[in-house]
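Presented below is the structure to which this report refers.
Here, each number is a calculation from the coordinates, and none is a lab measurement. From a predicted model like this one, the values you see are computed outputs, not experimental measurements. Cβ placement follows ideal geometry from the backbone for every residue including glycine, while neighbour counts extend to all protein chains displayed.
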Ligand SMILES: [Zn+2]
């Protein structure tokens with residue numbers, strides 16, 4: 001089952017693993033809910049892997065979570081028509097499965113996305129809330145996902161991660177930061193100035209929430225502030241879910257980016273460009 005994303009009000013431990021035992025006894029007496037909030041708050045305050053994005057003009061990355069079939073069959077072609085590639089965060093254990101909201105892309109479709117030049121990122125293997133996982137379980141989730149993607153799709157080991165449910169705790173953030181170049185949240189914000197790569201902000205590109213005027217305003221703001229603007233969405237269709245996007249809105253977004261001269265790159269490409277340092281205006 002694929003949960004609703006787009007909110008920080010998420011439920012931890014959906015797989016019944018229970019929360020990790022925290023460090024020490026500082027939380028004693030906390031309810032489970034408060035304990036999750038506490039570790040989520042510490043994760044938000046933690047800033048260890050920093051990168052300055054102000055050195056370059058604004059960059060936009062289009063990302064897709066869970067990868068419903070429609071993201072591959074209808075979304076990717078829109079990007080490709082504009083000469084753009086996206087980042088697709090895959091929980092490969094769900095590939096080919098039917099969900100309440102959509103059917104998840106098959107491993108074959110993921111292979112085709114990679115072959116077309118799109119980036120395949122990690123979203124755990126089973127789409128599990130990482131706050132429920134200890135180090136070994138979390139490492140295994142990522143290992144299993146990488147192995148399946150390599151064997152079934154010929155995909156190189158993913159270098160970027162998106163938190164399922166948008167949820168995380170401090171210890172999981174540290175573990176994932178060791179492994180991945182970036183970890184994307186669903187915290188709605190532009191990435192401006194010195195960015196925490198373990199807590200990359202993203203803005204939901206949903207028909208429910210965006211129209212052309214808001215898009216243009218956001219892109220102008222990103223340009224002015226030399227931001228890294230990361231969009232995220234799920235399904236793609238003429239009547240998308242509340243956390244999905246129509247082909248029309250995707251096309252409109254890419255047209256606005258082109259007209260305003262804003263570069264659109266996968267997450268991996270954007271990070272590589274930032275590492276190279278500032279050029280251009
Ligand atoms: Zn997800």
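Residue 260 to residue 194: FRET efficiency via 1/(1 + (r/R0)^6), r the Cβ-Cβ distance, R0 22 Å, to the nearest 0.05? Write out the running numbers ahead of the final one.
Working: r = 24 Å, r/R0 = 1.11.
After rounding, the FRET efficiency stands at 0.35.
Among 94, 62, 42, 50, which comes first, then next, by fewest other beta-carbon atoms within 10 Å?
Details: 94 22, 62 29, 42 15, 50 11.
Fewest-to-most ranking of 94, 62, 42, 50: 50, 42, 94, 62.
Starting with the fewest neighbours, write out 102, 228 ranked by other beta-carbon atoms found within 10 Å of each beta-carbon. Mind dumping the intermediate values first?
Details: 102 22, 228 27.
Fewest-to-most ranking of 102, 228: 102, 228.
Restricting to the chain, what percent of DSSP beta bridges are antiparallel, rounded to 5? Spell out each step's value before the answer.
Values: 6 of 29 bridges.
Just about 20 percent of them are antiparallel.
Relative to the longest principal Cα axis of the chain, at what angle does helix 212-224 sit, 0 to 90 degrees, rounded to 10?
Long axis of 212-224 versus the principal axis of the chain: about 80 degrees.
Per residue of the chain, what 222 nm ellipticity follows from adding -39500 (n - 2.57) for every DSSP H run with n ≥ 4, rounded to the nearest 500? All intermediate terms of the calculation are to be shown ahead of the outcome.
Working: 8 runs with 94 residues, N = 281.
Theoretical 222 nm ellipticity from helices: -10500 deg cm²/dmol.
Express in nm, to one decimal, how much length is gained between residue 272 and residue 156 on full extension, taking 0.36 nm for each residue of separation and deducting their alpha carbon distance.
Numbers: separation 116, 0.36 × 116 = 41.76 nm, distance 1.64 nm.
Taking residue 272 through residue 156 to full extension adds about 40.1 nm, to one decimal.
By how many degrees, 0 to 90 and rounded to 10, does the Cα axis of helix 170-179 deviate from the longest principal axis of the chain?
Between the helix axis and the principal axis of the chain, the angle is about 60 degrees.
Can you tell me how much longer the chain between residue 98 and residue 32 gets when fully stretched, taken as 0.36 nm per residue apart minus their C-alpha distance, in nm with one decimal? Write out the running numbers ahead of the final one.
Values: separation 66, 0.36 × 66 = 23.76 nm, distance 3.10 nm.
Working it through step by step, the gained length comes to 20.7 nm.
Expressed as cubic angstrom per residue, what is the convex hull volume of the alpha carbon set of region 138-244?
Numbers: hull volume 13.5 nm³, N = 107.
For region 138-244, the hull spanned by Cα atoms encloses 126 Å³ per residue.
Could you give the distance between the Cα centres of region 215-281 and region 101-178, to the whole Å?
22 Å
Any idea what angle helix 247-259 forms with the longest principal axis of the chain, computed on alpha-carbon atoms, 0 to 90 degrees, nearest 10?
In the chain, helix 247-259 runs at an angle near 70 degrees to the longest axis.
Quick one: go through region 81-123 and flag any residue whose amide nitrogen is under 18 Å from the point 7 Å out along the Cα-to-Cβ line of residue 143.
Only 92-93, 122-123 fall inside the zone, counting backbone N under 18 Å.
May I ask you to sort 274, 89, 163 by Cβ crowding, counting other Cβ atoms within 10 Å and putting the fewest first?
Working: 274 20, 89 25, 163 28.
Fewest-to-most ranking of 274, 89, 163: 274, 89, 163.
Averaged across orientations, what area in nm² does the convex hull of the alpha carbons in the chain project? Each step should come with its number before you reach the end.
Numbers: hull surface 55.1 nm².
Directional mean of the projected Cα hull area for the chain stands at 13.8 nm².
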